[in-house]
1. Evaluate 2.2 N^0.38 Å with N set to the residue count of the protein assembly as shown, then give the Cα radius of gyration divided by it.
2. Please give every one of the lysines within straight-line cross-link reach of C:LYS72, meaning a C-alpha to C-alpha distance under 26 Å, and leave out same-chain neighbours fewer than 8 residues apart.
3. Taking segment A:31-121, which chymotrypsin sites (Phe, Trp or Tyr not before Pro) meet the DSSP loop condition and have no more than 15 other C-beta atoms within 10 Å?
4. Among the complete DSSP H segments of chain A, which ones combine at least 30 Å of alpha-carbon extent along their axis with a mean Kyte-Doolittle hydropathy of 0.5 or more?
5. Rounded if a/c is under 1.5, else prolate if a/b beats b/c, else oblate: with a ≥ b ≥ c from the C-alpha gyration tensor eigenvalues square-rooted, which is segment C:201-313?
6. Pull out a ≥ b ≥ c, the square roots of the eigenvalues of the alpha-carbon gyration tensor of segment C:311-378, then state rounded if a/c is under 1.5, prolate if not and a/b is larger than b/c, and oblate in the remaining case.
7. Using only the alpha-carbon atoms, how far is helix C:397-413 inclined from the longest principal axis of chain C? Give it as 0 to 90 degrees, nearest 10.
8. Please state, to two decimals, what the Cα-based radius of gyration of chain A comes to when divided by 2.2 N^0.38 Å (N = residues).
Amino acid sequence: MQKSTNRKRVSSSRIQKGAQQWKEVIPYLLPGLFLFALFVLFPFFFNLYISFSEYNIMPGAEKPFVGFANYVKAFTDRKVGLSFRNTVLYSLVTVPGQMVLGILVAVFLNSIGRGKILFRTLYYIPVITSWIVVSLIFRYLFESGKAGLINYFALRLLGIKPISWLQNTWTANFVIWSLGIWKGIGWVMVVFLAGLQSVPKILYEAAEIDGAGFWDRFFKITLPLLQPVLFFLFVNLLIGSFNVFIQVLVITDGGPLGTTEVLLSYMYKNAFSFFEFGYASAQSVLMGIAIVAITFTTRRFFRAEVYEL
Amino acid sequence: MSFRNNSVKLILYLALFVGVVVFLTPFLYMVAVALTRATRIMPYPPILFPRNPYFGNFAVVWSRNNFGRYFLNSVFLACSSTIVSFLVATTSAYSFARFQFPGKEMIFRFFLISMMVPGLLNIVPQFVMIKFFRLVNTYTGLLLLYSSTGVAFQTFFLRGFFEIIPREMEESIRLDGGSRFTIYRYIMLPLSTPALATLAIFTFSASWDEFFLALTFIKSEWKRTLPIAIRLFQQQYGTEWGLVFAASLIAIIPIITIFVVFQKRFIRGELTTGAVKF
Amino acid sequence: MREINKRGLLIVIVSLCITFPLLGGGKQEKEAEPRKIEIWHTYSDAEVKVFDEETIPAFEAAHPGIKVVSTKMPYDGLKQQVIAGVAGDAVPDLMRMDIIWVPEFAKQGALTAVSDKNEFGAIQANLLPGPMRTNYYNGKYYGLPLNTNTKVAIYNRSALTSLGAQPPKTFEELVALAERFKGPEKWGLGVGGTSTWGQLPWFWSLGGRLTDDNYTRALGYLDSSGSIEALQTMVDLNRKGLIGPSLLGAEPNTWAGIQEGNYLMIDDGPWFYSILGQEAYEKTVWEQFPKGKGGSVSVVGGENLVIFKGARHPEEAWTLMQYLLTDEPQLRMARTGLIPTTKSAGGNPELEDNELVQIYVKQLQTARPRTPHPNWEKISEAVGLAFESAYREKGTAERLLRETAQEIDGYLKD
């Protein structure tokens, strides 16, 4: 008896305390939370609901519940498999590509004196340029036939006959990947460069006295110390790479034979070309689950305890 | 970590220079095409340095499809959404960095997970909401969408910076009887300028480039924004690439200018040291 | 100095932000007396000029109570716009949409059935039956054809001259010319792609079929011997190097190729001439699509006018719709190369002098519409995939067409 009233008292005081805390934070928290709930969280649950129905866009139309039918369909659809393959390949190629090249540029930049800022600015320009615009540029650069710029140089400098870049699966994927890497290098560079500033100089000096070479210092000091930065880069690039969409839409629109389709472009087609909203939503939910799962698993490979997911 | 050897340094410069050339060729090509006349057919050999630059494309672009109007619309929308996002994101990040309240980490986790789920299909439910508030075809509606879809990332990004600001700095204000708002206004904001500047350019360029939402939610022709105008130059049949790229250039030059002018301010060492400690 | 400059820039930006809404305020829409109806379209720049500056003012003068807002939509993402509008109950009153979309949106319940209107019978009697058919869904008509088009054969003038030939009338003649024309960077046939829109004139003219006449079955039609032979003929021509790289989406594209003399012949709609203008007239010659086993069968394109269920002013929209299907506006738009859909305008002497329109009108007499079915997009994608696979020799024409026919029968039943 005694105990339970005590517990009650404790819990009620805890509630009071919580309420007090909420009262304090609410003016600051509310605007963001409100917007988030309305336009991000609500659509999320709305999509979840749609994914279990045969959704009709007309207001007030019937939306029969179909259970897991849309999910079952996604697992048996050959095109989902193909888009999944291309999305994963895009991640596997562009995430390491951006990281390696971006880090390389950052290390180079960190080692030179004059002109650092100029180079840094120039390398960053693709990052802030609109995806649509750069996709259009790449499509035009890799135009087939002898008049395309890349083909022209390939012929002039290397003697390679004009390639139909966008008309073959792997060359088209290559173009999409190149764009992804090209656009992201600058961002990796800036973040890593900033990370480099935080490494105490004294460590390098000590290593140098011990006779460690440049790459020794890079692999034994810089990388281990900057693991949190690497993880930050990795997670952001990974999430970004799963969202590959506009470049595919603009450059190949999934062709040839639908073999460059990625998850989002296929989803888009299902929803807005074929009106299969239920099916598209099911794909969206599955994809979200996949990304969250991958992020959690890869966390282990980085010994970073900082990520409080 | 620096190279003593001068010849090594020279090689580094050379490598960086070659990298920049390769890196910027696409832009150069875009400029060249924009300065070429009659671009429905690709010129052969390709032109990288137009001998007689033709500025007609820019004149056509600016005068056709209300382009000037759309440009100003975009300026307005990008500026105001940057301001709105600034207010929402800083207060939100402040509450996660400096307050204790039940459910805090759970809400934050929701923020993080929402960043991973693709938002492509949200457009339909978002439309339902905006319609419910009678905000279709208003900039207010678009502003709400832009700031709400960005709030998760921005909170996540800023929280790290706010948390590394030493708490001791607030003590004196507290002793003087300063409120939470005083701390927010006079400690948090001024001490995280680089992060805020970074965020500002992110939000600015995000809404400057945004296409799908603007196209869907804006119904009046005269309220349209720049990315829509660029798309109008891509015809169903026979695109004139000179016009498309001239329009694109007009669209990206402001962003690049703002970036170059303010870049010293926002790419700083503090950037990641804070961001990785979330 | 620098600091001041930055501050200056900031001030400029901020003041722009503050003053801009005020500038916009002047133009604020006032929901005043005349009822406003909005129409969405994707007219080209030249067409917009005529529509906005001549057609609409003429209509508004005749109907003082109605004001028309004409909105040009970007072709990209257009369907998404319509869907979002329909879902959020924020559609315009009318839209000029691609003919193949009508059954699909009708099935979704987004369109008003115009065949329920009193005046419908009289209007329908004056419309060309082929384009009219594309508005049919489930016993009713959901739109009216506003303009129609098709593709004809377009030849490079100087190539024909150097071959000493006239535009060929039959497919055999065309192939024979193509053999003679063949050379480095020279191909006889410039085909627009492997999509249904690009392929159907060739496929149909060579004797292929998609479905039966009532659009209920593909099995037995798409995989008939005539269809297999038609596709196989094209695949063989491609293998022999008589079809240009535009077939698989590579450069030179059909427009560049026909103007630069890489292609002897392409097929395209009247917009080829209305967009390119004088240059196109000088460099090319047009003729009906060459006859093959199936005849000279091109594909019907064009746009229909529809009224959305969510229209604010459906009556006024219907008034505009009726007006746009009278002779005067039809003939006015015909000057930009848009082919009228009314019989009365078709017989007008003004049109008879317009050689460009005439050749398309003639070709239209034998042209076929694409399958008017709500699942057309899926059908089209499947057929396009089969064609592309055949050209890339991923399978025999027979197997590809049979599998696709089975798939399509599933869509047709839905």
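Read-outs throughout are calculated quantities, based only on the coordinates presented, and are distinct from any laboratory measurement. Because the structure is a prediction, the values reported are computed rather than measured. Counting neighbours? That spans all protein chains shown, and the Cβs are built from the backbone with ideal geometry, glycine included.
1. Working: Rg = 30.7 Å, N = 1001, 2.2 N^0.38 = 30.4 Å.
This ratio for the protein assembly as shown stands at 1.01.
2. Reachable lysines: A:LYS269, B:LYS131, B:LYS219, B:LYS223, C:LYS27, C:LYS30, C:LYS36, C:LYS49, C:LYS107, C:LYS151, C:LYS309.
3. Working: sites: A:PHE34, A:PHE36, A:PHE39, A:PHE44, A:PHE45, A:PHE46, A:TYR49, A:PHE52, A:TYR55, A:PHE65, A:PHE68, A:TYR71, A:PHE75, A:PHE84, A:TYR90, A:PHE108, A:PHE119; in loops: A:PHE52, A:TYR55, A:PHE68.
Within segment A:31-121, the qualifying chymotrypsin sites (Phe, Trp or Tyr not before Pro) (loop, at most 15 other Cβ atoms within 10 Å) are A:PHE68.
4. Span-like helices, by this rule, are A:78-111, A:169-197, A:277-299.
5. On the way: a/c = 2.15, a/b = 1.04, b/c = 2.07.
Verdict is oblate for segment C:201-313.
6. Oblate, since a/c reaches 1.5 and b/c is not below a/b.
7. Helix C:397-413 sits at roughly 40 degrees to that axis.
8. Numbers: Rg = 25.4 Å, N = 309, 2.2 N^0.38 = 19.4 Å.
Normalised Cα radius of gyration, chain A: 1.31.
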